[in-house]
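A short write-up of the structure that comes next.
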Amino acid sequence: MKRSAKIYLLMGVSGSGKTTIGQLLAAQLGIPFFDGDDFHSASNIEKMKAGIPLDDSDRYEWLKNINRIGNEALVADRSVIIACSALKKKYREIIAEHMEGSIFWIFLQGSKELIQKRMATRKEHYMPISLLQSQFDILEIPNESIKIDISLDKQTMVNTILEETNKSTLGVVGLGVMGKSLARNWARNGVKLSLYNRYIKGVEEKVAENAIHNYTELNTALGFVDVKPFVQSLMQPRIIFMMIKAGRETDQFIDEILPHLEAGDILVDGGNSHYEDTKRRIAYLEKQQIHFIGTGVSGGEKGALNGPSIMPSGPFEAYKKIEHLLNTIAAKDKNGKPCAAYIGPDGSGHFVKMIHNGIEYAEMQLIAETYAYLRYVQGLAPNKIADLFHEWNQGTLRSYLLESTVHILQKKEGDAYLIDLILDVAGNKGTGNWATISASELGIPAGMITGALFARYVSTLKESVCNLRQQTVTNSTDQSLSLNTVKAAYTAARIINHQQGFLILKAASLEFKWDLDLSNIARIWTNGCIIRSALMEEMIIAFHQHDELFNDDKIQQEIIALKQDLKSFCIHSLASDLSIPCHAASLDYLNSLHAKHATANIIQAQRDFFGAHTYQKRDDVTGTFYHTEW
């Protein structure tokens with residue numbers, strides 16, 4: 001829910017001036033003031049009058065009362081000021097429940113000697129000076145607070161609070177396509193922003209300034225080209241969302257901004273960083289008392305602007321401080337829940353995004369292979385294939401990628417279809433490569449992701465081996481397949497692709513002790529991201545009960561029923577000289593799992609022959625390893 005109300009929560013030990021400053025601030029802002037002392041139970045008051053410190057159980061109901069005041073104010077969209085001695089971190093957690101992103105913690109700090117003098121002048125207050133030391137003993141100063149020196153005059157203190165709470169809530173670094181779109185999304189949802197983009201003469205000049213000028217929703221944002229004033233424009237704890245190039249550039253920016261940060265500040269990396277880099281940065285910045293969150297963001301430019309799928313990971317405590325900001329801009333699933341969820345520790349968020357992209361590679365290749373068969377073997381024009389894909393997209397095959405392909409195949413430039421004018425070379429940005437490497441390191445067969453990646457690599461080599469290129473596709477079969485068979489083959493291959501991708505996630509979860517929730521990952525991939533689909537919605541249910549897709553009875557039966565169609569499609573396509581690495585890999589995966597005809601026994605015998613690696617025997621239930629002198 002978009003809220004404009006603010007909860008100003010003044011904290012400090014008794015006698016620090018919370019009530020006085022709170023009343024002055026309330027008068028200046030024209031909003032209600034609540035004194036937390038008024039919400040203690042009678043038993044608590046009697047206990048303090050007797051000089052007995054309150055314990056945590058005494059304070060619990062009091063803290064819940066303060067939480068209730070704040071939440072009632074937010075429901076009414078009304079700002080309030082509350083003064084209370086929330087001296088422990090766990091007290092503040094109780095107070096802040098359901099109010100994340102709306103609270104300004106303001107800590108009134110001063111020496112015990114000064115506070116004792118002030119307490120000595122107070123009349124008719126149930127809190128005796130003798131209990132002051134007990135408050136200092138349990139005091140846990142929050143890093144995330146605005147710290148106000150109580151030795152200043154009262155109006156200066158109020159002015160400082162107003163100045164600090166009027167700062168930007170979020171800083172966005174990097175205003176390329178994705179960064180700019182995310183910034184517009186946040187601004188449209190009422191988040192006050194500071195925008196930073198580096199200055200490179202003749203290349204990147206006035207980037208933030210131009211974005212603010214060109215987009216109405218960014219008119220209230222602040223623009224910067226220097227890091228120091230950018231950081232100073234943010235309220236504490238500073239939350240800075242980076243959308244810059246992964247790798248060296250990210251490390252360089254961290255080194256540049258680090259001297260200007262303070263304990264408790266939070267850096268969020270929304271780029272496509274490698275998960276190991278994220279893990280390293282978390283450990284490095286933790287030593288500096290700076291939080292680092294690695295966050296996968298999927299959806300492209302449109303998703304970033306209208307609602308992406310978001311995959312954050314890192315220290316959970318820091319995630320909770322940014323959760324409301326991520327949920328604010330995320331896409332929503334069919335039940336209205338944000339397509340954003342805490343993934344786990346370390347670099348798990350970027351790992352999950354990497355596998356998302358690997359699945360995406362294979363999904364795109366499957367559509368391309370299906371298009372090639374329909375176009376070059378069946379002879380259908382692009383617009384006719386678009387009509388067919390549109391029909392498929394109305395049912396169980398519904399997906400964003402299929403829908404986007406419909407638009408692609410309908411597009412013309414003059415009298416020609418634009419698809420026929422595009423060079424047959426596909427690029428990649430590295431995540432497919434990383435996914436392939438990770439699958440190999442974890443021992444997971446991901447032939448479809450690998451096949452899709454290598455197909456892109458091969459596309460860049462065609463001109464160098466043009467003497468091998470055939471001018472036409474040779475169809476050596478007598479009859480084309482039915483459209484239902486083509487559809488069934490595509491359906492089967494897609495299921496197998498998701499099986500392989502989620503097996504990588506399962507293996508990584510076990511290897512790195514991430515405890516990934518596969519069902520929730522499928523849920524946040526049902527909207528906003530590139531691989532959103534009807535199949536993904538089915539997988540939410542499947543992963544509620546199973547940790548592998550093929551263990552689901554419905555999926556199993558579907559694959560069994562579709563295998564013959566997949567086989568027919570592969571045979572017919574290969575006979576027609578089509579390259580179908582992903583469909584072929586999916587069929588090979590099924591054949592390998594079926595294991596009707598053994599091949600691995602030959603491999604193991606060879607390993608034993610030249611390397612004495614031993615083998616096991618089928619009929620030996622003891623699991624004994626044997627070696628033969630061949």
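A short reminder: the numbers here are calculations on the coordinates, not readings from a lab. Keep in mind that this is a model prediction, so the values were computed, not measured. Every residue, glycine among them, receives a Cβ derived from its backbone with ideal geometry; neighbour counts consider all protein chains shown.
Observations on the model:
- Residue count, the range 229-280 (criterion: without any contact (Cβ under 8 Å) to a residue 24 or more places away in the chain and not acidic (Asp, Glu)): 5
- Residue-level analysis places residue 24 among those that are outside any loop (DSSP other than H, G, I, E, B), more than 17 Å from residue 102 (Cβ to Cβ) and not polar (S, T, N, Q).
- Taken across the range 153-172, residues that are touching a Gly at 6+ places or on another chain (Cβ under 7 Å) and over 30 Å from residue 53 (Cβ atoms) do occur, with at least one present.
- When each of 361, 371 is tested for being closer than 16 Å to residue 530 by Cα and in a helix (DSSP H, G or I), the lone residue that passes is 361.
- Taking residues in the range 202-214 that are outside any helix (DSSP H, G or I), and partners anywhere that are loosely packed, with under 15 Cβ neighbours inside 10 Å, the pairs with Cβ atoms closer than 9 Å and at least 6 places apart or on different chains are 205/199; 206/199; 206/213.
- Counting only strands (runs of 3 or more DSSP E) that sit completely within the range 216-292, zero hold 1 or more residues that are out of contact with any strand residue (DSSP E or B) (no Cβ under 9 Å at 6 or more places or on another chain) and on the phi > 0 side of the Ramachandran plot.
- Of the helices (runs of 4 or more DSSP H) contained entirely in the range 40-154, those carrying at least 2 residues that are surrounded by 14 or more Cβ atoms within 10 Å (Cβ to Cβ) and under 33 Å from the mean Cα position of the chain (by Cα) fall at 56-75, 89-96.
- Residues (of a type in the set (Val, Ile, Thr) and either surrounded by fewer than 18 Cβ atoms within 10 Å (Cβ to Cβ) or assigned to a helix (DSSP H, G or I) (or both)) located in the range 298-345: 322, 328, 329
- The set of residues in the range 387-402 being farther than 17 Å from residue 537 by Cα and not aromatic (Phe, Trp, Tyr) consists of 387, 388, 390, 391.
- Restricting the range 547-584 to residues that are among the aliphatic types (A, V, I, L, M) and more than 37 Å from the chain's Cα centre (by Cα), the residue that is farthest from residue 509 (Cα to Cα) is 575.
- Taken residue by residue, the range 160-174 has at least one member that is assigned to a helix (DSSP H, G or I), buried (at least 22 other Cβ atoms within 10 Å of the Cβ) and of a type outside the set (Asp, Glu).
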